[in-house]
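Structure record follows, encoded as structure tokens.
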Amino acid sequence: MRPAWIATCILMLCASAAVGQDTDIETRTGLAEASATGLRFELKDGSAADTARETLPQAAAEPLDAARIEALLKRVPALQPDGEEAQDFALREASTPPPRTGATVEASWPPAGDLEAPVPAEFAGELKVLRHAPEGEVALAPHFSISFSQPMIAVSDQTTASASVPVRLDPQPPGQWRWLGTRTLVFQPDGRFPMATDYSVTVPAGTKSVLGSAIAAEQVLRFSTPPPKLVRREPSSGSQPLDPVILLVFDQAVDPAEVHSRTRLQGPGGKAFALVRVDPETLPEDHSLRRSRDELIEGRWLALKPAQLLPAASQFTVEVEAGLPSAEGPRRSNEAARWSFSTFEPLKVSEWFCWGPRGQQREQCNPEGGWQVRFNNPLDERDFDPQRVTVTPAVEGWTVQTSSDGLTLSGAFAGNTRYQVRLSADLTDRFGQRLGAEQVLDFATGSASPNLIGPDKPMIILDPMAEPALSVYSRNLDALEVTIDRVGPEQWTQLQDWAQNHRYDTESEVQMPGQRLSQQTQRVKGAADTLVESRIALDRYLTDGVGHLLVRVRPQPFTEEVRWQEVLVWVQATRIGLVAVNDEAGVTAWASDLRTGAPLKDVAIEIHGSTARARTDAEGLTRLKLPTSSDHPLLLARRGKDLAILPRTLHPYGSWTASQASDSLAWLVFDDRGMYRPGEQVRIKGWMRRVDMATRGDVQLL
């Protein structure tokens, strides 16, 4: 180690100390003071340099040459290194030498030479065409396939294989040949085979397989795609305007000029009417053709209309002549397409009727049914005003709705009543025609069938801000039998069993569950054939306004005609609002005040019949662990005498029970061709995965 090298290192350390002003000065100084040996540094705040100080002139010096420098360095004794500090320079592990290039051997594939191998039994015999598709007259030909009894090519890449095509397709549209395995050859056209074309596929005599077998005689396979066919035509029914748009849609591309020249329109007496082409963009925005234009395939349709207005109230025939050429192939249509339509007549009512107990009986309309008025022309719904259709006497909830074929009239009709419906002369059809004169239609109702209507759910909660009562509605009933029982959570399952097995069994001796509080007959006050509300007061059966009651209402007298008219409902009178959501293992419940919506603290929550119990916090929330057994249909909330119950479901046997998510299988399976004949070999490939439905589940291999 040379002294000059030591001096250079000292200068570098000094420079490093001067530059590193952003380090921890106190720490560095402390370390220096703690060391008794070595270099010591002291750092102080700097001050601005005195630009006015005297600058000493640089001393004259003479550079030493290399020989004199070397002579000086030799006078310095050599630095002896410590043996423990002497180490070899650390080199990284040498890289693996690159591989040496070997000899390149050129060879053909498959290998040349006579490779003897046993012929599988399924390939024995002469070479034959096993199957081909399509065959004969077909509606559509997406591709052509032909299968041989023996391998026709060696196993190779698809590009090489597709160069070997042992058949001839005539005519051959743009597309590509490809092999499925070594025995099935497929031609995939660009899109599909053109329509209106006869195709032939020739397998020349002498065609050989890779096993050496040859086809003895030439085989010609044929199939054909159909000529043009009209698949949609408009107009075809209903009253039409005097300038109807005639839409012709075909199953393939056609020449619009040819279609136009071969389409005829004839009116009364065989009079011909000229047709002109229609640009859909010139039609009104609400025209059906303009709205549905995007659904039509370009080149397959044509729109025409009469060159002059047609006479009203007349029938016309549209005919597309036979021999229509296709724009895809040479075949022409072999039969004419023909249909008829009629132009509109003056607007009038064609019929009016209602539905009686046994079908259409105009004199005996069912008060609960609707009435129908039909016109010979569709009404203009944009110009329709319901005020133009009135009824006498007035009907509560009178509603008039328009449809494509007329009017539907509904409301709360009374029984045994004769009504008159007045149609304004200003009713207008889609062709701008007015009815012209007011028309009066007579409707008559018969007696309504007795019926009883109650809540549409098996359990209801009474409004805590109203008088506790249950409303039922009836028509043509003189009296109601009202039975009231006090029930609790323990009766819930019993009620489900009784309702399933004994509710409508008039001979059963099994009584409704609960403690009988009342059974009485309540008269129905109201006019015949009208819907009457009957309120059943419940306040005297409750304790401080809360409790649970089972209310059963049946018509009196209880006959076979009204057997199914019964109302059975579990009534909760509570001030606790109870809401719950559950996952696989637990349930979160929220209790609130039904009157104010405020959360309720310290409400006892439990799952009936289990040990799961908790109390709500200041936010009205709590969490319970679900039991594993399945006999826990109710969630209960208690606050003093007040009890709220929440069934798991309104299904008779729902239960608050923990569930374990089970795995499921997902798969994707496909075959090699998609269409087979009986007895053919099918090759199927696919993937299956297990889907873990647990909370942190994933898709896994089987």
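The values are calculated or read from the model by the stated rules, or taken from the named source; none is laboratory data. Since the model is a prediction, treat every value here as computed from it, not as a measurement. Here the Cβ is made from the backbone with ideal geometry for all residues, glycine too, and neighbour counts use every protein chain on show. For the accessible areas, the whole protein counts, side chains as well, though only heavy atoms, and no ligand, DNA or RNA atoms are used. Shrake-Rupley method; radii C 1.70, N 1.55, O 1.52, S 1.80 Å.
Summary table
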quantity: Residue that is farthest from the chain's Cα centre (by Cα) [pool: residues in the range 348-371 that are open to solvent by less than 40 Å² (accessible area, probe 1.4 Å) and either at pLDDT below 75 or farther than 12 Å from PHE413 by Cβ (or both)]; calculated: VAL349
quantity: Residue in the range 327-346 that is outside any loop (DSSP other than H, G, I, E, B), within 20 Å of GLN433 (Cβ to Cβ) and open to solvent by 60 Å² or more (accessible area, probe 1.4 Å) present; calculated: no
quantity: Qualifying residue in the range 654-668 (condition: in contact with a strand residue (DSSP E or B) (Cβ under 6 Å, 6 or more places away or on another chain), open to solvent by 40 Å² or more (accessible area, probe 1.4 Å) and within 30 Å of ALA133 (Cα to Cα)); calculated: yes
quantity: ARG554 vs. criteria more than 22 Å from TYR653 (Cβ to Cβ), assigned to a strand (DSSP E or B), among the basic types (Lys, Arg) and open to solvent by less than 80 Å² (accessible area, probe 1.4 Å); calculated: yes
quantity: Elements of type strands (runs of 3 or more DSSP E) contained in the range 434-528, each with 1 or more residues being closer than 30 Å to ASN376 by Cβ; calculated: 439-444
quantity: 1 or more residues under 39 Å from the mean Cα position of the chain (by Cα): qualifying strands (runs of 3 or more DSSP E) within the range 235-318; calculated: 246-250, 301-306
quantity: Residue in the range 687-698 that is closer than 22 Å to PHE148 by Cβ, part of a loop (DSSP other than H, G, I, E, B) and either touching a residue at least 40 places away in the same chain (Cβ under 8 Å) or open to solvent by 80 Å² or more (accessible area, probe 1.4 Å) (or both) present; calculated: no
quantity: Residue in the range 557-572 that is least open to solvent (accessible area, probe 1.4 Å), counting only those that are of a type in the set (Asp, Glu) and touching a residue at least 60 places away in the same chain (Cβ under 8 Å); calculated: GLU566
quantity: The range 402-414 residues that are at pLDDT below 90, paired with ones that are in a strand (DSSP E or B) and open to solvent by 40 Å² or more (accessible area, probe 1.4 Å) (beta carbon under 7 Å, 6 or more apart); calculated: ASP405/ARG374; ALA412/GLU396; ALA412/GLY397
quantity: Among residues of the range 573-590, those that are within 20 Å of THR543 (Cβ to Cβ) and either open to solvent by 50 Å² or more (accessible area, probe 1.4 Å) or among the aliphatic types (A, V, I, L, M) (or both), counted; calculated: 4
quantity: Counted residues, the range 458-472 - those being open to solvent by 30 Å² or more (accessible area, probe 1.4 Å), closer than 29 Å to GLU368 by Cβ and touching a Leu at 6+ places or on another chain (Cβ under 7 Å); calculated: 1
quantity: Residue selected from the range 101-137 under the condition of a type in the set (D, E, K, R) and modelled with pLDDT under 80, by the criterion farthest from GLY206 (Cα to Cα); calculated: GLU116
quantity: Among residues of the range 512-535, those that are modelled with pLDDT of 90 or more, among the hydrophobic types (A, V, I, L, M, F, W, C) and over 46 Å from the mean Cα position of the chain (by Cα), counted; calculated: 2
quantity: Filter result for GLY212 (on the phi > 0 side of the Ramachandran plot and under 43 Å from the mean Cα position of the chain (by Cα)); calculated: no
quantity: Test: ALA322 is surrounded by fewer than 16 Cβ atoms within 10 Å (Cβ to Cβ), touching a strand residue (DSSP E or B) at 6+ places or on another chain (Cβ under 6 Å) and farther than 14 Å from ASP243 by Cα; calculated: no
quantity: Those residues of the range 374-391 which are in a helix (DSSP H, G or I) and open to solvent by 60 Å² or more (accessible area, probe 1.4 Å), in sequence order; calculated: GLU381, ARG382, ASP383, PRO386, GLN387
quantity: Residues satisfying the stated conditions in the range 31-62, i.e. among the small types (Gly, Ala, Ser), open to solvent by 100 Å² or more (accessible area, probe 1.4 Å) and modelled with pLDDT of 60 or more; calculated: SER47, ALA60
